[in-house]
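Since the structure comes first, as structure tokens, the remarks are kept for the end.
The values are calculated or read from the model by the stated rules, or taken from the named source; none is laboratory data. Quick caveat, the model's predicted, so the values are computed rather than measured. Quick reminder, even Gly has a Cβ in these numbers, built from the backbone with ideal geometry, and neighbours come from all protein chains shown.
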Amino acid sequence: MNRPGLDEVLWQAWKAMELPEGYRAEIIEGVIEVSPTGRFSHSQIVFMLREALGEFLKGGDFATRNGTNVIHESRVWVPDLFVVATDPERYVTDDGIGLTAGAVRAIFEVTSPGKRSLARDRVGKRREYARAGIPIYVIIDDYDVQGAVTVFTRPRPDKADWEDIHRVPYGTEVTIPEGPAKGFVIGETITGPKRG
């Protein structure tokens, strides 16, 4: 008897889900996670980031996206913001559900409150994005002491981790070191001032 594997069962269950407006579902480390869309402070940081990064990338071969499924080996994520080629159509999955992870050059997540939400961005997605070989992962974390921005580069898919991790507190600028967003600065105009 041929039974589908867990990844296939999760994939099929995820595809069949119909969530009410204001919720999203992701498959992270073998679990379907349903979460509400972010609070105002969360959306404000995403908005400021999208505006600034969009302006930085304007006129080039890359642009920002959000609200789109990113698919990798029966896993699915809905990043707060990501960088992809301006013509991502060649990366659309065969079923049209989203874009393949191979299209993504950088992912930005803004944390939400709560133990599960923080673990999702700080641990689960960190490992998932490394496994997929996403070149850059940035966490803007309101809940890391007085707020911090962490930039992960040089993914190690085999270890589900990153070789380079650079964390700075709010109030200190951090520059994206490589890729299409190389030179883009995240500072107080996006995160707000240092807290505490």
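Selection of the range 145-185 for residues being in contact (Cβ under 8 Å) with a residue 40 or more places away in the chain, among the aliphatic types (A, V, I, L, M) and closer than 21 Å to Pro113 by Cα yields Val145, Val149. Please determine whether any residue of the range 1-23 is modelled with pLDDT under 95, among the β-branched types (Val, Ile, Thr) and surrounded by 14 or more Cβ atoms within 10 Å (Cβ to Cβ). Checked the range 1-23: no residue is modelled with pLDDT under 95, among the β-branched types (Val, Ile, Thr) and surrounded by 14 or more Cβ atoms within 10 Å (Cβ to Cβ). The set of residues in the range 1-51 being touching a residue at least 40 places away in the same chain (Cβ under 8 Å), out of contact with any strand residue (DSSP E or B) (no Cβ under 8 Å at 6 or more places or on another chain) and more than 17 Å from Trp77 (Cβ to Cβ) consists of Glu8, Arg39, Ser41, Met48.
For the subset of the range 73-98 comprising residues that are under 13 Å from the mean Cα position of the chain (by Cα) and of a type in the set (A, V, I, L, M, F, W, C), which member is surrounded by the fewest Cβ atoms within 10 Å (Cβ to Cβ)? Among residues in the range 73-98 that are under 13 Å from the mean Cα position of the chain (by Cα) and of a type in the set (A, V, I, L, M, F, W, C), the one surrounded by the fewest Cβ atoms within 10 Å (Cβ to Cβ) is Val78. Looking across the range 89-112, the residues that are farther than 17 Å from Arg126 by Cα, not in a strand (DSSP E or B) and not polar (S, T, N, Q) come down to Glu89, Arg90, Tyr91, Asp94, Asp95, Gly96, Ile97, Gly98, Ala103.
Residues in the range 56-72 that are exposed (fewer than 13 other Cβ atoms within 10 Å of the Cβ) and either touching a residue at least 40 places away in the same chain (Cβ under 8 Å) or under 24 Å from Val185 (Cβ atoms) (or both): Lys58, Gly59, Gly60, Asp61.
With the structure loaded, tell me whether Ser43 is among the hydroxyl-bearing types (Ser, Thr, Tyr) and part of a helix (DSSP H, G or I) or whether it fails that test. Here the answer is yes, as Ser43 does meet what is asked.
So is Ala160 among the small types (Gly, Ala, Ser), buried (at least 20 other Cβ atoms within 10 Å of the Cβ) and under 16 Å from the mean Cα position of the chain (by Cα) or not? No: the conditions fail for Ala160. Conditions: (1) closer than 25 Å to Asp158 by Cα; (2) of a type in the set (Val, Ile, Thr); (3) buried (at least 16 other Cβ atoms within 10 Å of the Cβ). Val110 meets all but one. Number of the miss? The number of the failed condition is (1). The residue that is nearest to Thr86 (Cα to Cα), counting only those in the range 113-144 that are in a helix (DSSP H, G or I) and of a type in the set (Gly, Ala, Ser), is Ala130.
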